[in-house]
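Shown below is the structure under consideration.
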Amino acid sequence: MMLGITEVRSLLDRYSIIPSRSLGQNFVIDPNIIRKIIRLAELQSEDQVLEIGPGIGALTCGLEEAKRVIAIEFDRYLLPPLKETLQEAEMLEKTEILHADAMEIKWEEFFSTRPGNWKMISNLPYNISSTLLLNILDHAPQVTDLLVMVQREVGERFAAGPGTASYGIPSVKAQYWSEVSIVGNVPPKVFFPAPNVDSVMLKFSRRLDPEKVDLELMWRLLKIGFGQRRKMLRKSLKGYIGIAEFNSAGLDPKSRPQDLTVNDWVSLAIAAENGEHSEN
């Protein structure tokens, strides 16, 4: 069962629902986009899927090959049409619907009672996508693969490489944990209501063994460095990193934050942890 514009409008009208701009509600109305997402997600019969922001269930219905689905919806008014959609699609038995704010969930605790590896497949609300994705990457190692639709600007920030205008803290954090790539474009016309921006499909494949580093220190260095991205790092990181640490990491003290690869940031954090923080 796939929902098109006729089915989506009918459900919204019957339940007197007006999509909320403040909640970033843009419902998928193109079955071809759903099929493409499922194909790119390489969904298998043993997969467990986490979906955040299922809305009225357009994407959820496409997850029929999954063994189990958890759908987390914040808007209580969408729960009745969501249940109706999944009932008609014969998906209700394998889907656990949670009425919750995904931004408030403690993911370590959440997955402690939901063992195994998970895939996250979602059309994320624009207003929470960046923070939510970083929370999942930081605190939910059980989620090994993610395929999400996000605003193009957000997708470009996550997938950006060094030396580009979009490269920043989200890029480094996401690429420390995973391989990140934009795997598809999504025009506004596939949503109702149509947003004023383009979207992309963003894919994350979690790294099995990221290099060990003091993450709290590394994130602090990132925040300071990119907070002054026009400055040379030897100036912006003074007090944390000295010439000896730059030499130990094999990096030029005159570098700016956007010049460093993810591995460079890891090396710098390790050098800072092991060094004496000598003056520049």
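Read-outs: derived from the displayed coordinates by stated rules, not from any lab. All values derive from a computational prediction rather than experimental measurement. When we count neighbours, we look across all protein chains shown, and the Cβ atoms used for this are built from the backbone with ideal geometry, even at glycine.
So which residue, out of Ser16, Ser129, Ser255, gets the largest mean-square fluctuation from a GNM of the chain using Cα contacts under 10 Å as springs?
In this elastic network of the chain, the residue with the biggest mean-square fluctuation among Ser16, Ser129, Ser255 is Ser16.
Given springs between every Cα pair under 10 Å in a Gaussian network model of the chain, which of Arg114, Arg207, Arg256 has the largest fluctuation?
Evaluated over the chain, the most mobile residue of the options is Arg114.
Can you tell which of Pro193, Pro257, Pro54 shows the greatest fluctuation in a Gaussian network model of the chain with Cα springs below 10 Å?
Comparing Pro193, Pro257, Pro54 in a Gaussian network model of the chain, the most mobile one is Pro193.
Given +1 on the Cβ of Lys and Arg, -1 on the Cβ of Asp and Glu, and no further charges, what dipole in debye does the range 5-206 carry about its Cα centre, rounded to the nearest 20?
Here the range 5-206 has a charge dipole of around 380 debye.
Label-point separation (nm) for Asn196 and Asp252, each offset 7 Å from Cα along Cα-to-Cβ?
Those two pseudo-labels are separated by 4.1 nm.
Another question about this same structure. For the range 237-252, just list the computed ³J(HN,Hα) in residue order, Karplus coefficients 6.51, -1.76 and 1.60, θ = phi - 60°, integers in Hz, with x standing in for Gly and Pro.
Using θ = phi - 60°, the values come out as 9, 4, x, 10, 10, x, 4, 4, 5, 4, 5, 4, 7, x, 10, 7 Hz.
Could you tell me which label, among (1) 67, 39, 29; (2) 53, 52, 40; (3) 56, 48, 31, carries the value of Cα extents along the principal axes in Å calculated for this structure?
Looking at Cα extents along the principal axes in Å for this model, the match is (1).
Can you give me the C-alpha center-to-center distance between the range 239-255 and the range 185-214, rounded to a whole angstrom?
About 33 Å separates the Cα centre of the range 239-255 from the one of the range 185-214.
Also, quick follow-up: Percent relative contact order of the chain, based on C-alpha pairs within less than 8 angstrom and at least six residues apart?
15 percent.
If you count the DSSP beta bridges with both ends in the chain, what percent of them are antiparallel, to the nearest 5?
50 percent
Turning to a different aspect of this structure: For the range 32-151, just say rounded, prolate or oblate: build the C-alpha gyration tensor, square-root its eigenvalues into a ≥ b ≥ c, call rounded for a/c under 1.5, and beyond that prolate if a/b exceeds b/c, oblate if not.
rounded
Using +1 on the beta carbon of Lys and Arg, -1 on that of Asp and Glu, and nothing else charged, what's the dipole of the range 215-274 about the Cα centre, debye to 20?
With Lys and Arg at +1 and Asp and Glu at -1, about 440 debye.
List, in order, the whole-Hz ³J(HN,Hα) value for each residue of the range 218-232 obtained from phi through the Karplus relation with A = 6.51, B = -1.76, C = 1.60 and θ = phi - 60°; use x for Gly and Pro.
4, 5, 5, 5, 4, 4, 5, x, 6, x, 9, 5, 7, 8, 5
Right, next: Taking amide H atoms as placed 1.01 Å from N in the peptide plane, list the residues 5 or more away in sequence, or in a different chain, whose amide H sits under 5 Å from that of Val186.
Here the answer is Ser199, Val200, Met201, since their amide H atoms fall under 5 Å of that of Val186.
Additional query: How big is the charge dipole of the range 110-220 about its Cα centre, in debye rounded to the nearest 20, if each Lys and Arg gets +1 on its Cβ and each Asp and Glu gets -1 on its Cβ?
220 debye
When a/c is below 1.5 the answer is rounded, else prolate if a/b is larger than b/c, else oblate, so apply that to the range 215-274 with a ≥ b ≥ c taken from the square roots of the Cα gyration tensor eigenvalues.
Taking the square roots of the gyration eigenvalues as a ≥ b ≥ c, the range 215-274 is rounded.
Another question, if that's okay. Under a crude label model (7 Å from the Cα following the beta-carbon direction), how far is Arg14 from Met2 in nanometres?
2.1 nm
Just report the Cα centroid separation between the range 1-17 and the range 28-70, whole Å.
Between the Cα centres of the range 1-17 and the range 28-70 lies a distance of 18 Å.
Return the long-range amide H neighbours of Val143 (sequence gap of 5 or more, or a different chain), with a cut-off of under 5 Å between placed amide H atoms.
Under 5 Å from the amide H of Val143 lie the amide H atoms of Trp118, each far enough along the sequence or on another chain.
Relative contact order of the range 87-165, please, whole-number percent, based on alpha carbon pairs below 8 angstrom and at least 6 residues apart.
33 percent
Moving to a separate point now. Could you give each residue of the range 148-155 its phi-based ³J(HN,Hα) in whole Hz, using Karplus coefficients 6.51, -1.76, 1.60 with θ = phi - 60°, and x for Gly or Pro?
Those phi angles translate into 9, 9, 9, 4, 3, 4, 5, x Hz.
Where does the charge balance sit around Ser129 when Lys and Arg score +1, Asp and Glu -1, over other residues with C-beta under 13 Å from its C-beta?
Once all neighbours under 13 Å are counted, the net charge is 0.
Then there is this: Taking the Cα centre of the chain as the origin and placing charges on Cβ (Lys, Arg +1; Asp, Glu -1), which of Ser205, Val148, Ile224 is farthest toward the positive end of the dipole?
Of the listed residues, the answer is Ile224.
Under 5 Å between amide hydrogens, which residues at least 5 positions from Met2 or on another chain qualify, with H placed 1.01 Å from N in the peptide plane?
Those qualifying (amide H under 5 Å, at least 5 residues apart or on another chain) number zero.
Ok, one more. Taking a ≥ b ≥ c as the square roots of the Cα gyration tensor eigenvalues, with a/c under 1.5 meaning rounded and otherwise prolate when a/b beats b/c, else oblate, which class fits the range 88-205?
oblate
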